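Trainee: First the structure, then my questions, so here it is.
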Amino acid sequence: MANIKCIGILTSGGDAPGMNAAIRAVTRTAIYNEMEVKGIYRGYRGLVTGEIVPFKTNNVSNIIQQGGTILKTARCMEFMQLEGRKTAYETIQREGIDALVVIGGDGSLTGARIFAQEYNIPIVGLPGTIDNDLFGTDTTIGYDTALNTIMECVDKIRDTASSHERLFFIEVMGRDAGFLALNGALAVGAEAAIIPEIWTEVDQLEELIEHGFRKSKNSSIVLVAESEITGGAMGMADRVKQRYPQYDVRVTILGHLQRGGSPSATDRILASRMGAAAIDALMEDQRNVMIGIQNDQIVYVPFSKAIKNDKPINRDLLHTLRILSI
Ligand code: ADP
């Protein structure tokens, strides 16, 4: 068993609901296993500036239900440079931290991988992102809550969408991944989802106009994944205005409200399981792995795989969406 006495924990990059539940689980599992825990504030910036606080079990009391992250998060440019990572390592040595748990998305885990390679420090990552875009895990912490938030918002928009032939483009987050748009579209009964994964294969707008947007419907709702590839909801609306001026187009960008709110039961449970698994992994001498979940089983995914590989979208869902929108 690895001789780890003190764990440092940080949240980095975009915040996601459920990060607090993960912080709680990591902290309590580590303490249960007689390790010390240190909370590192503002992501990698806290390692560079030394903003670090010892965590006891009561530091993580009453947070499982809170969105955001009590450790705060930040984007830290210094950590992208060799010099910044050197300072971070000096902080780790000074604080007596033997291993790190990093909760964040693709960028944060990329930073973790580089840091672990440079300084030979054990790091375990937890996939904390609403985008669900990390390879090797069926879902990520925050994704389910964001999906539910999208569903509630779009249900409300649908209530007002009663005018004839009104076409609503609703932009959801995803950072070049279509999971929120596609599954959100299924959850709200939207006519279509426009996602970057199939952008080069079909003209999704043409397809929508030709097949999906039927005149017999009072209104149509289309979820568009934010992405430079698709041009987002505004890009779609501009195209429709130019080519099909007969349609009354509306755009809603859900924006940051998708990140907020109390985590769903699914996210709290996922974060709790993954947080506990992070400590198990470190005790088993695992390093440079992300905790994932596949078919309800915890798995260890090497950082290299989680970051480098594109997570495939389930194309059957697109087909189902098409059928259900007739
Ligand atoms: P996310 O983790 O949500 O994808 P970012 O891509 O903004 O968020 O990354 C969060 C932070 O991770 C960055 O601000 C930086 O500190 C660190 N990071 C990202 N990419 C790298 C990299 N290539 N090298 C070192 N650190 C990185």
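Trainee: Determine if region 127-137 includes at least one residue that is free of Cβ contacts under 8 Å to residues at least 24 places away in the same chain and within 16 Å of the ligand (Cβ to nearest atom).
Mentor: No, there is no match, as no residue in region 127-137 is free of Cβ contacts under 8 Å to residues at least 24 places away in the same chain and within 16 Å of the ligand (Cβ to nearest atom).
Trainee: Counting only residues that are surrounded by fewer than 18 Cβ atoms within 10 Å (Cβ to Cβ) and among the charged types (D, E, K, R), give me the helices (runs of 4 or more DSSP H) lying completely in region 33-146 with at least 2 of them.
Mentor: Result: 82-95.
Trainee: Can you tell me which residue is nearest to the ligand (Cβ to nearest atom) among those in region 58-107 that are polar (S, T, N, Q) and touching a residue at least 60 places away in the same chain (Cβ under 8 Å)?
Mentor: Start the filter on region 58-107 by keeping residues that are polar (S, T, N, Q), which leaves 58-59, 61-62, 65-66, 69, 73, 81, 87, 91, 93.
Within this subset, residues satisfying the condition of being touching a residue at least 60 places away in the same chain (Cβ under 8 Å) are 65-66, 73.
Working: Q65: 22, Q66: 19, T73: 8 Å.
By that ranking, first place goes to T73.
Trainee: Now for a separate question. Mind checking whether some residue in region 148-164 is surrounded by 23 or more Cβ atoms within 10 Å (Cβ to Cβ), in contact with a helix residue (DSSP H, G or I) (Cβ under 7 Å, 6 or more places away or on another chain) and not aliphatic (A, V, I, L, M)? First the steps, then the outcome.
Mentor: At the first step, the residues of region 148-164 found to be surrounded by 23 or more Cβ atoms within 10 Å (Cβ to Cβ) are 149-150, 154.
Pick out the ones that are also in contact with a helix residue (DSSP H, G or I) (Cβ under 7 Å, 6 or more places away or on another chain) and you get 149-150, 154.
Imposing the further condition that a residue be not aliphatic (A, V, I, L, M) reduces the set to 149.
Within region 148-164 (the criterion being surrounded by 23 or more Cβ atoms within 10 Å (Cβ to Cβ), in contact with a helix residue (DSSP H, G or I) (Cβ under 7 Å, 6 or more places away or on another chain) and not aliphatic (A, V, I, L, M)), the answer is yes, since at least one residue qualifies.
Trainee: Ok, one more. When you look at T200, is it in the same structural domain as R239 (by TED's automatic domain parsing), without any contact (Cβ under 8 Å) to a residue 12 or more places away in the chain and either under 24 Å from A265 (Cβ atoms) or under 25 Å from the mean Cα position of the chain (by Cα) (or both), yes or no?
Mentor: Against the criterion (in the same structural domain as R239 (by TED's automatic domain parsing), without any contact (Cβ under 8 Å) to a residue 12 or more places away in the chain and either under 24 Å from A265 (Cβ atoms) or under 25 Å from the mean Cα position of the chain (by Cα) (or both)), T200 qualifies.
Trainee: Tally time: how many residues in region 236-254 are in contact (Cβ under 8 Å) with a residue 40 or more places away in the chain and assigned to a helix (DSSP H, G or I)?
Mentor: Selection size over region 236-254: 3.
Trainee: Something else now. Could you tell me whether any residue of region 258-277 is without any contact (Cβ under 8 Å) to a residue 60 or more places away in the chain, more than 14 Å from T140 (Cα to Cα), touching an Asp or Glu at 6+ places or on another chain (Cβ under 9 Å) and assigned to a loop (DSSP other than H, G, I, E, B)?
Mentor: No, region 258-277 contains no residue that is without any contact (Cβ under 8 Å) to a residue 60 or more places away in the chain, more than 14 Å from T140 (Cα to Cα), touching an Asp or Glu at 6+ places or on another chain (Cβ under 9 Å) and assigned to a loop (DSSP other than H, G, I, E, B).
Trainee: Can you find a residue that is in contact with a helix residue (DSSP H, G or I) (Cβ under 9 Å, 6 or more places away or on another chain), more than 16 Å from the ligand (Cβ to nearest atom), over 25 Å from Y300 (Cα atoms) and assigned to a helix (DSSP H, G or I) anywhere in region 16-24?
Mentor: For region 16-24, residues in contact with a helix residue (DSSP H, G or I) (Cβ under 9 Å, 6 or more places away or on another chain), more than 16 Å from the ligand (Cβ to nearest atom), over 25 Å from Y300 (Cα atoms) and assigned to a helix (DSSP H, G or I): absent.
The values are calculated or read from the model by the stated rules, or taken from the named source; none is laboratory data. These numbers come from a predicted model, not from an experiment. Ideal geometry is used to build each Cβ from the backbone, glycine not excepted, and the neighbour counts take in all protein chains shown.
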